[in-house]
Amino acid sequence: MSEENGNPDNPAGSEGSQRAKGSRKAKGSEDAQGSRRAKGSEEAKGSPGPVVPTAPSGPRPEPLRFFGTTWVHHDHGYTARRVAASVGSLAAAVASCLVLRIAYQGLQIADIGSFVTLLMVVMFAVCSALAFRHTWDGFTRRPDPDRQASLRGLLAIGFVGSLLAYFLRSLTEAPGEKLHRTEYEAARKHHEQRTSRRSGNPSKKRRRS
């Protein structure tokens with residue numbers, strides 16, 4: 001009778017009870033894991049993911065030296081940058097004139113002759129005037145790369161004229177802003193025309209369908 005009823009003396013009964021407990025524990029752990037997974041999936045569905053910013057379509061403005069792209073909307077310290085550019089270029093021009101004056105005094109002390117001294121003064125004056133004109137025109141139209149390369153030495157000699165042109169232009173706008181704005185607006189207009197041609201008129205598409 002003890003073997004049939006599964007008494008403690010019978011090892012078969014104890015093994016059966018242990019198996020039943022183990023199956024109940026395994027089932028309970030599986031149910032707990034399933035509930036946690038379901039809860040996690042619901043939370044993942046309910047919580048929105050991080051918003052990824054999309055890059056703006058169309059042409060982008062070309063940055064200017066010392067100004068970046070602040071010339072587009074005149075923000076992010078545009079006025080302060082213009083003031084700094086004006087003061088910096090003027091200070092550099094004044095310092096350059098002082099250096100040239102010292103060099104002129106050195107020529108007088110060396111006593112190399114009035115003709116050579118006059119020739120040096122005329123050379124610096126002409127190079128400064130040409131550099132001023134070249135730099136000023138470069139603010140309104142694109143310079144020719146070949147001509148720019150050929151005038152590199154002249155611009156280096158007449159750097160005072162380039163600094164003065166930069167200073168005067170900074171009083172009204174960022175140097176080169178007018179040229180960049182014209183090109184940027186033309187590129188945007190062309191892009192909008194191309195986009196409108198591709199999209200077409202939706203009313204005409206509905207009529208055809």
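Worth pointing out:
Here's the yes/no breakdown for (1) open to solvent by less than 50 Å² (accessible area, probe 1.4 Å); (2) part of a helix (DSSP H, G or I):
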| position | (1), (2) |
| --- | --- |
| R141 | no, no |
| D146 | no, yes |
| G161 | yes, yes |
| A165 | yes, yes |
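- Only one entry in I112, I102 is at pLDDT 90 or above and over 30 Å from F67 (Cβ atoms), namely I102.
- In region 161-182, the residues that are in contact (Cβ under 8 Å) with a residue 60 or more places away in the chain form no Cβ pair under 7 Å with any partner that is surrounded by fewer than 16 Cβ atoms within 10 Å (Cβ to Cβ) and β-branched (V, I, T), whether six or more places apart or across chains.
- For L179, the requirement of being touching a Ser or Thr at 6+ places or on another chain (Cβ under 8 Å) and either modelled with pLDDT under 90 or not in a helix (DSSP H, G or I) (or both) is not met.
- For region 148-159, the set of residues classified as surrounded by 12 or more Cβ atoms within 10 Å (Cβ to Cβ) and either assigned to a helix (DSSP H, G or I) or of a type in the set (S, T, Y) (or both) consists of Q148, L154, L155, I157, F159, listed by residue number.
- Residue list for region 81-120, filter: of a type outside the set (K, R), open to solvent by 70 Å² or more (accessible area, probe 1.4 Å), in a helix (DSSP H, G or I) and over 13 Å from V160 (Cα atoms): V83, V87, I102, Y104, Q105, Q108, I109, S114, F115, L118, L119
- Some residue of region 187-203 being in contact with a strand residue (DSSP E or B) (Cβ under 7 Å, 6 or more places away or on another chain), modelled with pLDDT of 90 or more and either hydroxyl-bearing (S, T, Y) or assigned to a helix (DSSP H, G or I) (or both): no
- Tabulated pairs, region 82-109, first farther than 17 Å from I157 by Cβ, second open to solvent by 60 Å² or more (accessible area, probe 1.4 Å) and not in a helix (DSSP H, G or I), C-beta under 7 angstrom, 6+ apart or interchain: A85/F66; S86/L171
- Extreme residue, farthest from G77 (Cα to Cα), among residues of region 167-176 that are part of a loop (DSSP other than H, G, I, E, B) and open to solvent by less than 70 Å² (accessible area, probe 1.4 Å): G176
The values are calculated or read from the model by the stated rules, or taken from the named source; none is laboratory data. Please read all numbers here as calculations on a predicted model, not as lab measurements. Cβ: placed from backbone, ideal geometry, glycine included. Neighbour counts: every protein chain shown. For accessibility, only protein heavy atoms count, side chains too; no ligands or nucleic acids. Shrake-Rupley method; radii C 1.70, N 1.55, O 1.52, S 1.80 Å.
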